[in-house]
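Each reported figure results from applying straightforward, stated rules to the coordinates on display, with no laboratory input. Being a predicted model, the structure only gives us computed values, none of them experimental. A quick note on method: Cβ atoms are made from the backbone with ideal geometry, for glycine too, and the neighbour counts reach across all protein chains shown.
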Amino acid sequence: MNGFGPTRLLSSRRKYLMSHSTRSDRMQIGDVAERTGLSLRTIRHYEDVGLLPQAERSPGGFRLYGEEAVQRLLVIKRMKPLDFTLEEMRDLIEVRERLASPRLSAKTRSSLLERLAAYQSLVEHQLATLRDKVDNAQTFADQLRHELG
């Protein structure tokens, strides 16, 4: 026997997978899609346009994402119905990430906080617009229900 029987191959494969980790903290794109409610195509698109950093790859070429990617996608998902442009999404993501850094000058932090406040105002405005749309839709639904008798 040459020492490469099934047991040895399985053991070698396990060692390879452990050392080249598809670590438990990494998820394939399907898992990320399931957790975020986004399609595979949408996730790939966000990666292509730079909203999501390029994914790591497994030895088999599968995209691998960490929890930080899931959290970023959930933020993007929240921005989408508020009609944020791709550039606004990129900018807001950058602002939030930079604010998380402990090594910011007071001037830089102040500038970033001003930008964040502008986005907060934009979100509040969009939220008011959406509430108006919902109110109008509710009024219309009530009218139709009344007409049905």
Could you tell me whether region 59-108 comes out rounded, prolate or oblate from its Cα gyration tensor? Rule is a ≥ b ≥ c as square roots of the eigenvalues, rounded for a/c under 1.5, then prolate if a/b exceeds b/c, otherwise oblate.
oblate
Pick out, from P59, T42, Q71, the residue whose Cα sits farthest towards the positive end of the charge dipole of region 29-72, with +1 on the Cβ of Lys and Arg and -1 on the Cβ of Asp and Glu.
T42
Please list, in order along region 93-107, the HN-Hα scalar couplings obtained from phi with the Karplus expression 6.51 cos²θ - 1.76 cosθ + 1.60 (θ = phi - 60°), rounded to whole Hz, x for Gly and Pro.
4, 4, 4, 4, 5, 5, 5, 6, 6, x, 9, 10, 6, 4, 5
Equivalent ellipsoid semi-axes, region 83-149, via Cα gyration tensor eigenvalues times 5, rooted, Å
41, 10, 8
Other residues with Cβ under 15 Å from the Cβ of I43 give, with Lys and Arg +1 and Asp and Glu -1, a net charge of +2
Segment R109-H125, length gained on full extension (0.36 nm per residue, minus Cα span):
3.3 nm
So between S101 and V75, what do we pick up on full extension, going 0.36 nm a residue minus the alpha carbon distance?
7.5 nm
